[in-house]
Amino acid sequence: MSASSIEVRGLSRTFHTTVRRPGFVGGLRSLVNPERVPKHAVSDVTFDVAPGELLALLGPNGAGKSTTIKILTGILRPTSGEARVAGVVPYEERERNARNIGAVFGQRTQLWWDLPVRESFSILRDIYEVPKAQHAARLREFDDILELSAFWDTRVRHLSLGQRVRCDLAAALLHDPPVVFLDEPTIGMDVVVKEQVREFLRHQVEERGRTVLLTTHDMTEVARLAERVVLINHGRLVLDGTLDEIRRRFGSTWQIRATLADAHAEVVALPGIALVRRDGPQVVFGPDGAEGPTVHQALKQVIERYEVTEVAMDEAELEDVMRAAYVQAGPPAEEA
Amino acid sequence: MAALHAWRAARVTPLGELLAPPRITGALLRLTVQVVLVASLWRGLYSQTGATAGLTRDQAVTYAVLAVLASRLRELDQQAGRDTVLQHMHFGTIIYWYLRPLPPQRYYALRAFGEQMYGLAWALMGYVVCLAAGVVEPPKSPAVAGVFALSMLLGQLVLYYVMLLIDQLCFWTLRNGAAMLILIFAQNLLSGVYAPLWFFPGWFITMSRFLPFQATLSVPLSIYVGRVPLSDAGAQLALQAAWVAALSLFTRFLWRRAARRVVAQGG
């Protein structure tokens, strides 16, 4: 029995697309003899997610995040490799896997457009065979955080985006799945609703022990929610680690500005920390190499080594770090 | 097992209709106008003649009005409810059909069953009103009524599979608007909604025998008005059953193939 909620081993998925030749004659040739080219959406991806862990699966558009999620939800079969979700191979036992997972795909709602939200919930209760008492208790719990009761008698077509996504989140968790897949759940939502959704997710992970696999382009969300990050680009796994590791590897733009108590004190480089410039008592430190300390570790070293009267730090925005990561982790050689 | 518990899926379309009073008013108005116009048309056509194509005036009017009422059985506004397969493919929400512990084909069937039950309620109400008003004739005997009911049931199953087939096209084409227009026209023409098939030339009747459409309405309505005698009904029922079996197998095969298309089209 595995200790992981989600296990992904050497997962690959190749699609074959038809290339249209240019021009009229090319078009005719494509019609008679279409040229099929392989597209490697996911290549040899391996990672694990522990029970009760929230993992952010990050990468630029077209990196292979959604394909990975589709394999894990059982919609898509991998070309090679293996995946298990709560002990089930999702694409082998799609219906069994469906009972173990909940999913929200961005702005795509699973609610019935013409019906009041509560009716959608009842239909899902029926489909997942959730006992009435459990269903009612779970709705109350979700309502406490997401404030659904204010609009759950409204027809879905009349809900705002924020209201609808909150309802979709509740709908995805009504059957108490141990594993939840969220593909850009807060896209297009205002900051207040985003925070409400984040609180809900934190509650589900910390209090209910659910495993969450989240994809998002919102780095604030990643910073506030994710314990661990898996970064993929061009279908390949680039990094599997904590946000600090990502910052260390790709975010070499932090600076520490300090005012020394002694304007003439000798200043030398510290391990992993370079002296960027000095102007009298004003000194500026920066990272020395890719494997340097985090800004917080560097700050500790600076304060311990020098007597400072004032100190300030600038850390690269996570968004900048991710941009650097996406650029540095370019396409593999054969695709370049 | 899940299908028994998922009966609420059958309520999706009817409930959506009931929660939209303008749609009910529209349906009522359209049905009334259609019945009145169709009855007037056939009475007018028969004003100069006693029997045409083996049908008396009353038989022809009964056939035409019942055809209008029966066509109401699957004529619900799924488009407005964003609940057509085409819309689910377009918006990518078809993905959720494959994320539930209920096979998509069973969900589709449950939903269609609810629609047909809702449509049946409309058709029955219209039938009672038309019968009371003397617009349609009652069946000639309880036996005719029984065989008609059985034939109607088989006809609705054939219609369900034909509509399913068109919906399944979406998995390959993404757009099935043209196919749907052809289907609606073919269904109305070849099933005898516009006019009973006996009014058409011989080659047309021969061609329609090789298509499933006449099994949907023409056969049960012909049994009802007495154009097909009970002694010949067995063969017609067998043909309907054969269409149900053939379409059932073919659509089952297509569901399996469609599952592989979900990501490409709706992912």
Can you tell me which condition B:Asp83 does not meet? The list is (1) modelled with pLDDT of 85 or more; (2) more than 30 Å from B:Pro139 (Cα to Cα); (3) crowded, with 16+ Cβ neighbours inside 10 Å; (4) not basic (Lys, Arg), and all the others hold.
(1)
Scan the stretch A:141-158 residue by residue and report those that are out of contact with any helix residue (DSSP H, G or I) (no Cβ under 7 Å at 6 or more places or on another chain) and not small (Gly, Ala, Ser).
A:Glu141, A:Asp143, A:Asp144, A:Glu147, A:Arg155, A:Arg157, A:His158
Residue pairs within 9 Å by beta carbon, gap of at least six or interchain, first lying in the stretch A:5-21 and free of Cβ contacts under 8 Å to residues at least 24 places away in the same chain, second among the basic types (Lys, Arg), listed first then second, are A:His16/A:Arg36; A:His16/A:Lys39; A:Thr17/A:Arg36; A:Thr17/A:Lys39; A:Thr18/A:Arg36; A:Val19/A:Arg36; A:Arg21/A:Arg29
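For the stretch A:19-43, name all the residues that are exposed (fewer than 14 other Cβ atoms within 10 Å of the Cβ) and in contact with a helix residue (DSSP H, G or I) (Cβ under 8 Å, 6 or more places away or on another chain). First the steps, then the outcome.
The initial filter retains those residues of the stretch A:19-43 that are exposed (fewer than 14 other Cβ atoms within 10 Å of the Cβ), namely A:19-20, A:22-28, A:31-39.
Matches in the stretch A:19-43: A:Val19, A:Arg20.
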Identity of the residue in the stretch B:114-128, aromatic (Phe, Trp, Tyr) and away from every other protein chain (no Cβ under 14 Å), that ends up farthest from B:Ala259 (Cα to Cα)
B:Tyr127
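With respect to A:Val193, is the statement that it is at negative phi, part of a helix (DSSP H, G or I) and assigned by TED's automatic domain parsing to the domain that holds A:Val89 true? Outline the logic, then answer.
Working: at negative phi: yes; part of a helix (DSSP H, G or I): yes; assigned by TED's automatic domain parsing to the domain that holds A:Val89: yes.
Here the answer is yes, as A:Val193 does meet what is asked.
Given the criteria free of Cβ contacts under 8 Å to residues at least 60 places away in the same chain, surrounded by 17 or more Cβ atoms within 10 Å (Cβ to Cβ) and part of a helix (DSSP H, G or I), does B:Ile184 qualify? Full working, then the answer.
Working: free of Cβ contacts under 8 Å to residues at least 60 places away in the same chain: yes; surrounded by 17 or more Cβ atoms within 10 Å (Cβ to Cβ): no; part of a helix (DSSP H, G or I): yes.
So B:Ile184 does not fit the description; no.
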Top-ranked residue in the stretch B:32-49 [being of a type in the set (A, V, I, L, M) and free of Cβ contacts under 8 Å to residues at least 60 places away in the same chain; ranked as farthest from B:Val128 (Cα to Cα)]
B:Leu45
Candidate set: the stretch A:32-70, residues that are β-branched (Val, Ile, Thr) and assigned to a strand (DSSP E or B); chosen: the one farthest from A:Gly106 (Cα to Cα)
A:Val37
So which residues in the stretch B:89-109 are facing chain A (nearest Cβ under 7 Å) and in a helix (DSSP H, G or I)?
B:Phe91, B:Thr93, B:Ile95, B:Tyr96, B:Tyr98
Examine the stretch B:250-261 for a residue that is out of contact with any Cys (no Cβ under 6 Å at 6 or more places or on another chain), within 14 Å of chain A (Cβ to nearest Cβ), free of Cβ contacts under 8 Å to residues at least 40 places away in the same chain and in a helix (DSSP H, G or I), and state whether such a residue exists.
yes
Among the residues of the stretch A:105-136, write down those that are under 29 Å from the mean Cα position of the chain (by Cα), more than 10 Å from every other protein chain (Cβ to nearest Cβ) and aliphatic (A, V, I, L, M).
A:Val117
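Of all residues in the stretch A:233-246, which are touching a Leu at 6+ places or on another chain (Cβ under 8 Å) and either over 17 Å from A:Ala56 (Cα atoms) or not in a strand (DSSP E or B) (or both)? Please lay out each step first, then the result.
Taking the stretch A:233-246 and keeping what is touching a Leu at 6+ places or on another chain (Cβ under 8 Å), we get A:237-240, A:243, A:245-246.
Across the stretch A:233-246, the qualifying residues are A:Leu243, A:Glu245, A:Ile246.
With respect to A:Thr46, is the statement that it is hydroxyl-bearing (Ser, Thr, Tyr), away from every other protein chain (no Cβ under 14 Å) and either crowded, with 20+ Cβ neighbours inside 10 Å or in contact (Cβ under 8 Å) with a residue 60 or more places away in the chain (or both) true? Explain how you work it out, then say what you get.
Numbers: hydroxyl-bearing (Ser, Thr, Tyr): yes; away from every other protein chain (no Cβ under 14 Å): yes; either crowded, with 20+ Cβ neighbours inside 10 Å or in contact (Cβ under 8 Å) with a residue 60 or more places away in the chain (or both): yes.
When the stated conditions are applied, A:Thr46 passes them.
Is it true that A:His158 is under 21 Å from A:Asp190 (Cα atoms) and within 14 Å of chain B (Cβ to nearest Cβ)?
Numbers: under 21 Å from A:Asp190 (Cα atoms): yes; within 14 Å of chain B (Cβ to nearest Cβ): yes.
Criteria met by A:His158.
Might you check whether a residue that is touching a strand residue (DSSP E or B) at 6+ places or on another chain (Cβ under 9 Å), buried (at least 22 other Cβ atoms within 10 Å of the Cβ), assigned to a loop (DSSP other than H, G, I, E, B) and in contact (Cβ under 8 Å) with a residue 24 or more places away in the chain occurs anywhere in the stretch B:187-207? I'd like the intermediate steps shown before the answer.
First, pick out the residues of the stretch B:187-207 that are touching a strand residue (DSSP E or B) at 6+ places or on another chain (Cβ under 9 Å): B:196, B:198-199.
From what's left, buried (at least 22 other Cβ atoms within 10 Å of the Cβ): B:196.
Cutting the leftovers down to assigned to a loop (DSSP other than H, G, I, E, B) gives us B:196.
Filter once more, so that each one left must be in contact (Cβ under 8 Å) with a residue 24 or more places away in the chain: B:196.
Yes, because at least one residue in the stretch B:187-207 is touching a strand residue (DSSP E or B) at 6+ places or on another chain (Cβ under 9 Å), buried (at least 22 other Cβ atoms within 10 Å of the Cβ), assigned to a loop (DSSP other than H, G, I, E, B) and in contact (Cβ under 8 Å) with a residue 24 or more places away in the chain.
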Is at least one residue of the stretch B:158-180 closer than 29 Å to A:Glu92 by Cβ, more than 14 Å from the chain's Cα centre (by Cα), within 14 Å of chain A (Cβ to nearest Cβ) and aliphatic (A, V, I, L, M)?
no
Quick one: is A:Arg99 part of a helix (DSSP H, G or I), facing chain B (nearest Cβ under 10 Å) and either loosely packed, with under 14 Cβ neighbours inside 10 Å or touching a Phe, Trp or Tyr at 6+ places or on another chain (Cβ under 8 Å) (or both)?
yes
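How many residues are over 32 Å from the mean Cα position of the chain (by Cα) and either part of a loop (DSSP other than H, G, I, E, B) or loosely packed, with under 11 Cβ neighbours inside 10 Å (or both) if we restrict to the stretch A:278-299?
3
Out of the stretch B:15-58, which residues are in a helix (DSSP H, G or I) and either at pLDDT below 85 or within 14 Å of chain A (Cβ to nearest Cβ) (or both)?
Keep residues of the stretch B:15-58 that are in a helix (DSSP H, G or I), which gives B:15-18, B:21-45, B:57-58.
Within the stretch B:15-58, B:Leu15, B:Gly16, B:Glu17, B:Leu18, B:Pro21, B:Pro22, B:Arg23, B:Ile24, B:Leu45 meet the criteria.
Could you count how many residues in the stretch B:219-249 are in a helix (DSSP H, G or I) and at pLDDT below 90? Steps first, answer last, please.
Here is the first cut: in the stretch B:219-249, the ones in a helix (DSSP H, G or I) are B:219-225, B:230-249.
With at pLDDT below 90 added as a condition, the list becomes none.
Matching residues across the stretch B:219-249 total 0.
When the stretch A:143-155 is examined, which residues are found to be out of contact with any Cys (no Cβ under 9 Å at 6 or more places or on another chain) and either away from every other protein chain (no Cβ under 14 Å) or within 16 Å of A:Val197 (Cα to Cα) (or both)?
Going residue by residue through the stretch A:143-155, those that are out of contact with any Cys (no Cβ under 9 Å at 6 or more places or on another chain) are A:143-145, A:147, A:149-150, A:153-155.
Selection gives A:Asp143, A:Asp144, A:Ile145, A:Glu147, A:Ser149, A:Ala150.
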Away from every other protein chain (no Cβ under 14 Å) and surrounded by 13 or more Cβ atoms within 10 Å (Cβ to Cβ), is that true of A:Gly52?
yes
Only unsatisfied item for A:Asp240, checking (1) within 22 Å of A:Ile71 (Cβ to Cβ); (2) over 17 Å from the mean Cα position of the chain (by Cα), is (2)
The one condition in (1) hydroxyl-bearing (Ser, Thr, Tyr); (2) at pLDDT 90 or above; (3) under 27 Å from B:Leu153 (Cβ atoms) that B:Tyr98 fails to fulfil
(3)
Has the stretch A:77-95 got any residue that is modelled with pLDDT under 95, within 24 Å of A:Thr215 (Cα to Cα), at the interface with chain B (Cβ under 9 Å from one of its Cβ atoms) and part of a helix (DSSP H, G or I)?
yes
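The values are calculated or read from the model by the stated rules, or taken from the named source; none is laboratory data. Predicted model, so just to flag it, every value in this text is computed and none were measured. Here the Cβ is made from the backbone with ideal geometry for all residues, glycine too, and neighbour counts use every protein chain on show.
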